1. Need one number: nm distance between label points at S256 and E274, each 7 Å from Cα along Cα→Cβ, rounded to one decimal.
2. Taking 28 Å as the cut-off for C-alpha to C-alpha distance, list the pairs among K171/K294; K8/K130; K97/K192 that go past it.
3. Kindly put I226, I139, I80, I134 in sequence by how many other C-beta atoms sit within 10 Å of each C-beta, fewest to most.
4. Ranked highest first by the average count of other Cβ atoms within 10 Å around their residues, in what order do 141-152, 165-176 fall?
5. For L99, L223, L94, which order do you get if you count the other beta carbons within 10 Å of each Cβ and list the fewest first?
6. Rounded, prolate or oblate: which fits the stretch 68-216 when a ≥ b ≥ c are the square roots of the eigenvalues of the alpha-carbon gyration tensor, with rounded for a/c under 1.5 and prolate only if a/b beats b/c?
7. Rounding to the nearest 10 and keeping the result within 0 to 90°, find how far the Cα-based axis of helix 273-292 lies from the longest principal axis of the chain.
8. Is the chain best put as rounded, prolate or oblate by its Cα gyration tensor, with a ≥ b ≥ c the root eigenvalues, rounded for a/c under 1.5, and otherwise prolate when a/b is larger than b/c, oblate when not?
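What follows is calculated from the coordinates using simple rules that are stated; it is not laboratory data. None of the values given here were measured: they were computed from a predicted structure. Ideal geometry is used to build each Cβ from the backbone, glycine not excepted, and the neighbour counts take in all protein chains shown.
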Amino acid sequence: MPEGRIVKAVSGFYYVADGDRIYQCRARGLFKKKDAKVNPLVGDWVVYDAISDSEGYVMEVGERTSELLRPPIANVDQAILVFSLVEPSFSSLLLDKFLVHTEKAGIDSIIVLSKADMARMEEVDAIVRKYEGIGYRVIPTSTRDQRGVDDVRAELRDRISVFAGQSGVGKSSLINALFPGISLQTGDVSQKLGRGRHTTRHVELIPLAGGGYVADTPGFSSLEFIGISELDLAESFRDFAAISDQCKFRGCLHLSEPACAVREALEEGEVDRERYEHYRQFMEELREYQRRNKSW
Ligand SMILES: Nc1nc2c(ncn2[C@@H]2O[C@H](COP(=O)(O)OP(=O)(O)OP(=O)(O)O)[C@@H](O)[C@H]2O)c(=O)[nH]1
Ligand SMILES: [Mg+2]
Ligand SMILES: [Zn+2]
């Protein structure tokens, strides 16, 4: 049976690309992988059964190299985390949370700071310095004056990249600015709420003329710590993981353990205090999530 890749999923249909053809498929039955159900995701390689030259059934989902639940996508190489500087205003809390998920998934992240045309330079520089210090590539951009657009484009070549971020930050606008051949729908930000209007409704992988794919995704603003352990959380903070081998205890969670290198670095001002506060807050949220979802 032929194989292809799911490039779009909309209300129970999976759009499977095979060469130049797209097959609108339904899933046949349930998929099992190591006794767990798997739902097909955009980005999945699948075996499908064609029933005409445009329709078929997804029969089998292939092994994944990576998977994200939010946005739901498999087999991407990197995440372009789009965070606007204004409208909606920049949230380091949400950024730190996104980074937990991409680190856990083993996906590289590039931080894009959008709407730089509306922000003060000092504010932009401070965010760039902070996250570059942790080890991320940070690119301020604007689709109004085109700054940063070439730099982002250079990062996308021959790779599969997913654009993720809140509604209204300008993910679709940026993809349009990067590739003039693509014209995705964009929407304005509600003046009253300061939020986007959820213009993009589904995840879609778009092939790039020069090689590679980009996925536009719907915006979202909350993330739960599904499938993440306390140690995963600690390890997903790159800045902590880099020095945790100097903690006295293996598996140190950097909370109240003695001789903790992360807390010492915090006192020395070498670990960012806001990052550490977010870490503690996430640990609380994670524990709360686990309490609520305990299987008795
Ligand atoms: N000032 C300014 N506005 C921008 C920029 N990029 C996008 N916008 C505006 O931001 C609004 C939201 O843009 P979208 O591209 O629809 O945002 P999105 O992230 O795709 O939103 P969802 O699809 O809802 O998740 C639109 O009004 C854009 O014109 C920018 O660089 N500068
Ligand atoms: Mg959009
Ligand atoms: Zn520690």
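1. Taking the simple label geometry, S256 and E274 are separated by 2.8 nm.
2. On the way: K171/K294 36 Å; K8/K130 35 Å; K97/K192 26 Å.
From the list (K171/K294; K8/K130; K97/K192), the Cα-Cα distance tops 28 Å for K171/K294; K8/K130.
3. Working: I226 11, I139 21, I80 25, I134 18.
In increasing order of surrounding Cβ atoms, one gets I226, I134, I139, I80.
4. Working: 141-152: 16.6, 165-176: 24.6.
Result, highest mean first: 165-176, 141-152.
5. Details: L99 22, L223 15, L94 19.
The fewest-first ordering by Cβ neighbours comes to L223, L94, L99.
6. On the way: a/c = 1.28, a/b = 1.12, b/c = 1.15.
Cα axes put the stretch 68-216 in the rounded bin.
7. 60
8. Values: a/c = 2.07, a/b = 1.30, b/c = 1.59.
Here the chain falls in the oblate category.
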